[in-house]
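Okay, so here's the structure we're looking at.
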Amino acid sequence: QALAALRAGLRALVLDPSCPAYPALAAAAAECGARLLPARPPALDLGRIDLRRAGGRRLLAQWLVRGR
């Protein structure tokens, strides 16, 4: 499924490093410019952020940059 996701154009995948196929998938991801993450990144709780305020927009921008 991970290879199918790469073929479909996804550029970030999460896969447990203990998976026997992890090294091959890491190589395939690197070859097509994708990232293979060893764990799910933290979610963003938009319920706690007020995007009408500069501080809320700053927090969102920081979270988005961190995901690159």
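Here, each number is a calculation from the coordinates, and none is a lab measurement. Because the structure is predicted, anything quoted here is derived from the model rather than measured. Positions of Cβ are backbone-derived with ideal geometry, glycine not excepted, and every protein chain shown enters the neighbour counts.
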Checklist (1) of a type in the set (D, E, K, R); (2) touching a residue at least 12 places away in the same chain (Cβ under 8 Å); (3) surrounded by fewer than 12 Cβ atoms within 10 Å (Cβ to Cβ) applied to residue 7, failing item: (2)
Failed item, numbered, when residue 52 is tested on (1) outside any loop (DSSP other than H, G, I, E, B); (2) basic (Lys, Arg); (3) exposed (fewer than 10 other Cβ atoms within 10 Å of the Cβ): (1)
